[in-house]
Amino acid sequence: MDSQEKQAAADCESNNDVLEIEDWANFRDDDIMRQHYDIRDQEAEKIPYVGDKEPLSALAAEYHSGSPILLEKIKVLSDQYGFIRRTRGDGNCFFRGFMFAYLEHLLVSQDRNEVDRIKGKVEHCKKTLQSLGYAEFTFEDFFSLFLEQLDSILQGGENSISETELVQRCRDQSVSDYVVMFFRFITSGEIKSRSEFFEPFILGLSSSTVDQFCKASVEPMGEESDHVHITALSDALGVPIRVVYLDRSSCDSGSVSVNHHDFIPASDQHTLDGGSVAINPKITLLYRPGHYDILYLK
Amino acid sequence: MVDFARVQKELHECNKDVQVSGIKVSPVGGDLSHLTGSIPGPTGTPYEGGIFQIDIKLADGYPFDPPKMRFTTKVWHPNISSQSGAICLDILKDQWSPALTLKTALLSIQALLSSPEPGDPQDAVVAQQYLKDHQTFLGTARYWTEAFAKTCGVEEKVKKLVEMGFPESLVRSTLEAVGGDENLALEKLCSG
């Protein structure tokens with residue numbers, strides 16, 4: 001071992017208790033889980049659940065010496081979008097990003113009709129879960145905490161909050177994780193209650209049954225979201241979501257374009273087919289393989 | 001903090017239909033973060049007739065963190081440590097969700113008793129036996145159920161048979177060979 005390696009090893013030990021394992025023979029599942037949590041906690045300290053609003057140039061800086069096509073795409077993005085807000089990459093980033101973007105939208109717009117509409121949807125989701133056989137006490141706390149957030153978003157009430165407070169709440173585990181779990185319940189309920197619709201997509205993703213998928217990939221915290229989750233959540237709450245894809249794919253024509261997909265709730269689809277009004281999602285998330293952040297229009 | 005209000009509701013719900021499910025959860029002492037559960041061994045398995053005690057500890061993050069569960073009744077099963085009672089089950093680890101409850105977790109453990117997964121063992125010795133010498137596995141599992149998971153334990157049977165005049169060491173080996181069944185043992189002792 002040369003001196004450089006020795007130094008590196010020493011750094012490693014001093015910085016990382018996790019690696020100090022002497023007895024691998026007795027290293028069991030519990031230890032692995034504890035180690036997993038430790039690593040997650042260490043990572044967690046690096047970025048809050050929901051970050052600060054940053055100019056899009058911060059995103060470009062990440063790829064400073066990276067793929068030219070990504071830099072090219074970020075440039076295209078910057079025509080439309082001005083800011084990004086990062087979320088923690090803990091497997092809950094889609095739900096966390098949606099939570100903040102949606103609540104922030106309500107806070108800024110003070111759209112009381114939307115608050116009333118969403119409350120109706122939440123009530124409906126509650127009935128769905130009951131009819132699917134979920135014990136009420138497993139989900140009621142998560143539901144009431146979300147409804148509390150809605151109430152404090154509208155100004156003029158006793159408990160109304162500012163933008164800064166919203167950021168603080170979404171960074172506070174005792175609020176943030178409860179709301180994430182609330183969305184997981186909603187998503188699972190929607191998938192199970194329309195299992196015929198979701199089954200082919202789920203088979204394509206994981207070759208498991210709808211129930212197994214919900215149990216293994218929707219309901220546990222930290223399980224990442226895919227288009228199935230997004231479709232289900234958007235449908236259940238009736239909230240359109242735009243996802244902008246930032247990846248290395250390119251087209252042959254030479255000009256770089258950035259793909260996006262709008263998740264339009266099933267209930268709004270007929271309006272769309274009728275060709276009346278184009279639906280403009282208020283929530284925009286930036287997808288980079290494996291992760292979602294929040295994007296803001298200029 | 002453990003969400004004690006929820007734990008209270010869980011205990012209430014679970015113990016309401018104990019007649020149907022056979023699954024019980026009760027606090028150990030006054031603190032709701034330490035509980036004990038019991039599950040009946042499923043019928044048609046070597047665990048039938050036994051009542052198995054599970055020690056349950058709730059970490060601060062419950063219901064976000066999984067409950068820590070471990071058998072305190074000794075059990076012979078590929079996914080349960082014969083030494084420590086540790087359980088190898090995904091929902092007690094990364095597949096836990098706040099949508100689950102103590103009762104659903106205990107039901108899953110009961111289901112694990114019915115369908116062992118020797119490919120993902122907690123106890124390698126038991127798993128090997130399960131795969132390579134299934135008859136011996138069934139016998140041992142039955143014997144352990146008789147010996148440790150029944151209120152009327154092996155000692156009582158040994159005492160009865162010894163009183164009939166059979167030597168104790170022979171009584172013990174015979175009982176073990178027939179999986180703890182008192183009548184079968186008597187038959188064998190008489191014919192042998």
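Of all aspartates and glutamates in the structure, the ones whose alpha carbon falls short of 13 Å from that of A:K119, not counting any fewer than 8 places away in one chain, are A:D111, A:E148, A:D151. Tally the DSSP beta bridges in region A:49-297 and give the antiparallel ones as a percent, rounded to 5. If we restrict to bridges inside region A:49-297, about 75 percent are antiparallel.
Report note on the peptides B:69-80, A:79-90, A:158-169: ranked by the mean count of other C-beta atoms within 10 Å, highest first, their order is B:69-80, A:79-90, A:158-169. Secondary structure note: in the protein assembly as shown, about 90% of the DSSP beta bridges are antiparallel.
The mean count of C-beta atoms from other chains within 10 Å of the C-beta of residues in A:125-136, rounded to a whole number, is 1. From its DSSP helices (H runs of at least four residues, each -39,500 (n - 2.57)), chain B gives a residue-normalised ellipticity at 222 nm of -13000 deg cm²/dmol.
Take each residue in B:96-109, count the other chain C-beta atoms within 10 Å of its C-beta, and the mean is 4. Each Lys and Arg adds +1 at its Cβ and each Asp and Glu adds -1 at its Cβ; summed about the Cα centre, the protein assembly as shown shows a dipole of about 880 debye. In this structure, the residue pairs whose Cα-Cα separation is over 23 Å, taken from B:K24/B:K74; B:K74/B:K150; B:K9/B:K150, are B:K9/B:K150. Computed from Cα atoms, the angle from the helix B:4-16 axis to the main principal axis of chain B rounds to 40 degrees. Around B:A99, what is the net charge, scoring Lys/Arg as +1 and Asp/Glu as -1 over all other residues with Cβ under 10 Å from its Cβ? Summing Lys and Arg as +1 and Asp and Glu as -1 gives +1.
Read-outs: derived from the displayed coordinates by stated rules, not from any lab. Being a predicted model, the structure only gives us computed values, none of them experimental. With ideal geometry, Cβ positions are generated from the backbone for all residues, glycine too; neighbour counts draw on all protein chains shown.
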